[in-house]
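The structure under discussion appears below in the form of structure tokens.
The values are calculated or read from the model by the stated rules, or taken from the named source; none is laboratory data. It should be emphasised that the depicted structure is a prediction, and the values quoted were computed from it without experimental measurement. Ideal geometry is used to build each Cβ from the backbone, glycine not excepted, and the neighbour counts take in all protein chains shown.
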Amino acid sequence: MDLLHKIKDSIWKFWKKAHLNQILLLVISLVILIGLSYFAYLASAANVESLKKGLAQATVIYDKDGDEASKISANRMEGVPIAEVPQNLKDAVVAIEDHRFYKHRGFDVYGISRAFFKNLFAGRITAGGSTLTQQLTKNALLSPERTYKRKLEEIFLAVEIEKKFTKDEILEMYLNQAFFGSGGWGVQNASKKFFGKDVSQVTLSEAAILAGIVNRPSALDPYKNYDASVERRNLVLKQMLNFEMISESEYQEAVNEKIVLEDKGEDPLKGKYPYYVDAVLNEAINQYGLTQEEILTRGYKIYTEMDQNVQAGLERVYANNSLFPVSPDGTLAQSGAIMLDPKTGGIRGLIGGRGEHSFRAYNRATQLKAQPGSVMKPIAVYTPALEEGYTAESMLKDEEGMTFGNYKPKNFNGQYAGEVQLYTAVEQSLNVPAVWLLNEMGLDKGIASTKEFGLPIQKEDENLSLALGGTTTGYSPQQMAEAYSVFANEGKREKSHIITKIVGPTENVEGEFKPKTKRVTSRKTAEKMTAILLNVVETGTGRNAKVPEYEIAGKTGSTQLPYPEITDGTKDQWFVGYTPNLVGAVWLGYDLTDRNHYLRGSSSETVVPIFRSMMEQTLPHVEKSEFGTPSINERLEEERKKEEKSLKEQLKNFDDKMIDEAKKWKDKLENGKSSFKKLEEKLKETYRRFQNE
């Protein structure tokens with residue numbers, strides 16, 4: 001114990017002698033100074049002068065060539081100058097959100113201190129103590145996370161904003177970018193959304209409603225929670241009274257005014273290419289970490305892989321209702337389609353559904369989860385088979401009644417040939433040969449191949465029904481198009497994507513796509529598969545997909561109805577096809593399949609013509625090229641011609657030889673005749689001599 005005491009005394013004496021207290025304080029001060037300098041530098045480097053311009057602009061979607069394709073407008077379309085905002089509304093917002101707004105220079109020491117101690121006692125960050133300027137900074141320039149680092153960034157940027165803009169300009173930007181619930185972005189749109197009038201005409205009571213909503217727009221939305229919204233209004237009015245912004249009589253009149261809701265707000269999010277824009281938002285949110293609010297209120301520039309000619313072509317196809325089946329009660333058959341560049345994975349166009357579009361609705365091009373049916377066969381069965389040494393002419397079993405354990409597949413057409421060549425099984429989409437082949441080469445090879453093509457499968461899908469796409473795991477047209485791009489891209493799979501770059505309101509690049517290439521199979525195998533799939537379009541189940549003067553390879557697919565008594569219909573129909581420069585996938589079906597809502601007929605008759613129309617509308621706008629391999633039909637025809645030519649040449653050689661031989665025999669005969677004539681003359685001469693004697 002004495003030894004421990006001596007050690008502590010020695011350390012303490014050394015500490016005092018070396019002035020370590022001062023050194024420690026100096027180091028801490030230096031760290032704080034460096035940290036503050038860092039945040040100050042970030043704030044000064046930020047292009048806050050472009051903030052007002054950015055907030056005055058819509059988020060713009062650009063196509064692959066850098067041309068403007070569409071806009072996401074939100075509040076931008078109806079931003080109003082501060083002069084048109086009633087004084088009561090300005091006072092109401094200041095009273096409830098930041099009553100010292102006109103006194104501070106971007107941040108309020110009192111407010112921050114109060115929030116700090118509140119968080120300290122709570123043991124977590126519950127309050128921000130933000131001024132209106134800081135809220136504007138957070139909403140327009142920073143993420144919404146609640147951390148002390150973000151709070152410091154917010155403070156320094158707020159100070160920079162206060163240096164560049166007047167209080168009225170800051171308040172104007174704040175009111176025009178704030179979210180008020182029910183799709184009301186910006187004070188003008190919110191006024192029309194809730195009261196059916198221009199913001200300049202709102203009453204004191206209505207102004208207090210709007211000011212109260214900003215703090216919690218979802219919870220205080222008067223359409224969803226009227227009573228809570230009115231209670232919050234009363235609190236706003238009380239604050240205005242406390243700060244002498246209104247009189248007692250004005251307060252009483254406003255508190256007793258009944259709020260009448262009237263929705264005359266327009267949907268400012270409607271624009272060109274709505275389903276593609278939806279997909280842009282989803283990708284920006286899910287893959288780049290942006291929020292919907294940020295995208296709708298900050299004036300981003302989002303650069304995409306869209307080809308406007310391809311996108312417009314798809315929209316023309318989906319506007320033609322005659323291409324799509326109709327249920328007896330008029331319910332729309334739904335569909336989703338996508339086109340992508342196999343060399344880059346860039347999505348050139350997409351359609352997410354039919355009928356009236358709503359903002360960020362279910363997108364069947366990118367979000368669908370449907371069984372793929374026979375479009376799975378080239379992926380799970382035939383590509384690994386070709387890798388194992390099977391050829392297009394390999395013979396596969398096609399016998400009626402074949403069973404594999406408890407699994408008994410059947411051909412869709414009910415016909416069985418006993419044995420068929422591999423390419424014929426693909427061309428005619430026969431089920432039994434595909435299951436037999438997967439069983440022969442090993443289920444594990446089909447599972448591994450499916451995953452290599454980028455299609456995840458669940459444990460319960462690891463059975464022979466994988467050959468026919470009978471999986472519990474569903475896939476979207478985007479996933480199937482990316483998978484088939486392997487065949488068009490020499491065996492390589494590029495990650496499918498929409499966004500190439502996101503530029504923020506201060507011109508900083510906030511996200512950029514990084515290409516990701518995966519070798520799935522060899523170039524030779526991809527060419528062999530393409531040769532077989534060319535046959536599908538030339539003479540198989542996809543022959544209705546033919547477009548004159550273009551080479552198209554592809555595969556049909558459909559899934560069975562869960563109703564055995566219905567034999568002439570399908571649940572889902574697919575076609576996935578490609579040229580060397582464009583891959584397309586289309587799904588057709590009903591969102592809810594039942595005995596009255598299903599697809600009649602086969603995929604060849606229904607979904608394939610839709611795909612053909614898609615290609616007719618889009619291929620003229622894509623560079624035309626040909627596959628480096630002929631179809632099986634072409635190769636067999638070439639081989640037949642070679643054999644025919646060889647036979648003709650053999651016959652010609654035989655004819656020539658016979659002619660030569662005949663000529664020789666003729667010469668010999670002529671020589672023989674001459675010799676015979678001489679013999680005859682000699683005999684006659686001998687005979688004459690004999691008579692004379």
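All conditions but one from (1) buried (at least 18 other Cβ atoms within 10 Å of the Cβ); (2) of a type outside the set (Lys, Arg); (3) out of contact with any helix residue (DSSP H, G or I) (no Cβ under 9 Å at 6 or more places or on another chain) apply to residue 494; the one that does not is (3).
Mind counting the residues in the range 421-434 that are in contact with a Pro (Cβ under 6 Å, 6 or more places away or on another chain) and either touching a residue at least 40 places away in the same chain (Cβ under 8 Å) or not in a helix (DSSP H, G or I) (or both)?
First, the residues of the range 421-434 that are in contact with a Pro (Cβ under 6 Å, 6 or more places away or on another chain): 425, 431-432.
This time we only want the ones that are either touching a residue at least 40 places away in the same chain (Cβ under 8 Å) or not in a helix (DSSP H, G or I) (or both), so: 431.
Count: 1.
Only one of 205, 182 is in contact with a helix residue (DSSP H, G or I) (Cβ under 8 Å, 6 or more places away or on another chain), over 30 Å from residue 58 (Cα atoms) and either small (Gly, Ala, Ser) or modelled with pLDDT under 90 (or both); which? It would help to see each step written out before you state the result.
Details: 182 fails: over 30 Å from residue 58 (Cα atoms).
After ruling out the rest, the residue left standing is 205.
Note on the range 380-401: residues that are surrounded by 16 or more Cβ atoms within 10 Å (Cβ to Cβ) and on the phi > 0 side of the Ramachandran plot total 0. Selection over the range 332-356 of residues that are of a type in the set (D, E, K, R) and out of contact with any Asp or Glu (no Cβ under 8 Å at 6 or more places or on another chain) gives a count of 2.
If the requirement is being modelled with pLDDT of 95 or more and either among the basic types (Lys, Arg) or outside the structural domain of residue 88 (by TED's automatic domain parsing) (or both), which of these qualifies: 283, 266? Break it down stepwise before answering.
On the way: 266 fails: modelled with pLDDT of 95 or more.
Just one listed residue meets the conditions, 283.
All told, residue 151 meets the bar of being within 20 Å of residue 290 (Cα to Cα) and modelled with pLDDT under 65.
For the range 511-523, give me each residue that is within 16 Å of residue 387 (Cβ to Cβ) and either of a type in the set (A, V, I, L, M, F, W, C) or surrounded by 13 or more Cβ atoms within 10 Å (Cβ to Cβ) (or both). If you could, list the steps in order and put the result at the bottom.
Taking the range 511-523 as the starting set, the residues that turn out to be within 16 Å of residue 387 (Cβ to Cβ) are 518-523.
Selection gives 518, 520, 521, 522, 523.
Just wondering, is there one or more residues in the range 391-405 that are assigned to a strand (DSSP E or B) and free of Cβ contacts under 8 Å to residues at least 24 places away in the same chain?
So the first thing to find is which residues in the range 391-405 are assigned to a strand (DSSP E or B), and the list is 395-398, 404.
With free of Cβ contacts under 8 Å to residues at least 24 places away in the same chain added as a condition, the list becomes none.
There is no residue in the range 391-405 that is assigned to a strand (DSSP E or B) and free of Cβ contacts under 8 Å to residues at least 24 places away in the same chain.
Any residue in the range 251-261 that is of a type in the set (Ser, Thr, Tyr) and assigned to a loop (DSSP other than H, G, I, E, B)? No; the residues of the range 251-261 include none that is of a type in the set (Ser, Thr, Tyr) and assigned to a loop (DSSP other than H, G, I, E, B). Can you find a residue that is crowded, with 19+ Cβ neighbours inside 10 Å and of a type outside the set (S, T, N, Q) anywhere in the range 563-570? Checked against the condition, which is being crowded, with 19+ Cβ neighbours inside 10 Å and of a type outside the set (S, T, N, Q), the range 563-570 yields no hits at all.
Give the range 470-522 a look and list any residue that's part of a strand (DSSP E or B), of a type in the set (Val, Ile, Thr) and either free of Cβ contacts under 8 Å to residues at least 40 places away in the same chain or not assigned by TED's automatic domain parsing to the domain that holds residue 552 (or both), or say none. Explain how you work it out, then say what you get.
Keep residues of the range 470-522 that are part of a strand (DSSP E or B), which gives 475, 492-494, 497, 499-503, 509-512, 517-519.
Then drop every residue that is not of a type in the set (Val, Ile, Thr), which leaves 499-500, 502-503, 509, 517.
Listed by number, the residues that qualify are 509, 517.
Each row is one residue, and each column tells you yes or no for (1) in a loop (DSSP other than H, G, I, E, B); (2) of a type in the set (Gly, Ala, Ser); (3) out of contact with any Leu (no Cβ under 8 Å at 6 or more places or on another chain).
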site	(1), (2), (3)
535	no, no, yes
551	yes, no, no
555	no, no, no
560	yes, no, yes
563	yes, no, yes
567	yes, no, yes
575	no, no, yes
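For the condition basic (Lys, Arg) and either crowded, with 24+ Cβ neighbours inside 10 Å or not in a loop (DSSP other than H, G, I, E, B) (or both), residue 377 qualifies.
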